[in-house]
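Note sheet for the following structure.
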Amino acid sequence: MNEDFRALFEKHKDRVYSIALRYSGDPAAAMDIAQDTFLKLMSRMDQYRAEASFEAWLYRIVVNACLDHRRSKRRLQPLVDGFLDLFRASPESALDDMLKDERRQQVQEVVAKLPPDQRMVVILRYTEGLQYEEIAEVLGCSKGTVASRLNRAHKVLERRLQGVRGKTYA
């Protein structure tokens with residue numbers, strides 16, 4: 001491995017793994033996806049044209065590796081912890097922690113059932129913090145398509161998670 005590629009790897013390995021883990025929900029699968037991403041990156045470095053930012057190009061490779069993995073394994077278990085910010089409450093006791101964990105699991109289960117295109121938009125927006133323009137560049141679609149997919153995902157999540165936000169136990 002040459003020093004330039006090693007530097008790219010060191011700079012981006014955590015981000016690539018994080019996206020893969022949040023998409024797959026499985027650390028072993030995430031490692032496979034990350035490895036596949038860097039193998040593709042190494043073999044395609046000569047194809048980078050600087051028309052888009054390097055990060056956007058790399059995100060595109062990661063997204064494609066995630067989708068390839070899903071197609072080959074048919075496993076739909078993403079983790080979207082960043083999305084849970086909407087449901088956070090200040091922990092005051094062990095019971096509160098337990099309830100928070102239960103809500104997190106419920107959100108993860110609902111997000112895992114989103115169609116892949118909506119799931120990836122949710123991951124890139126809430127986990128990676130990308131703006132609509134950046135997501136559009138990564139996914140190779142319009143900003144309007146990103147907004148539409150995110151809007152549909154929000155509606156599904158709101159409908160399926162109605163009881164989660166205010167759930168209390170007496």
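Each of Ser142, Ser43, Ser148 was scored by other Cβ atoms within 10 Å of its Cβ. Arranged with the fewest first, they read Ser43, Ser142, Ser148.
Within the straight-line cut-off of under 13 Å between alpha carbons, the aspartates and glutamates reachable from Lys100 are Asp81, Asp85, Glu92, sequence neighbours fewer than 8 places apart in one chain being disregarded.
Readers should treat all values here as calculations from the given coordinates under stated rules, not as data from a laboratory. As the structure is a computational prediction, the values presented were derived from the model and not from experiment. Counting neighbours? That spans all protein chains shown, and the Cβs are built from the backbone with ideal geometry, glycine included.
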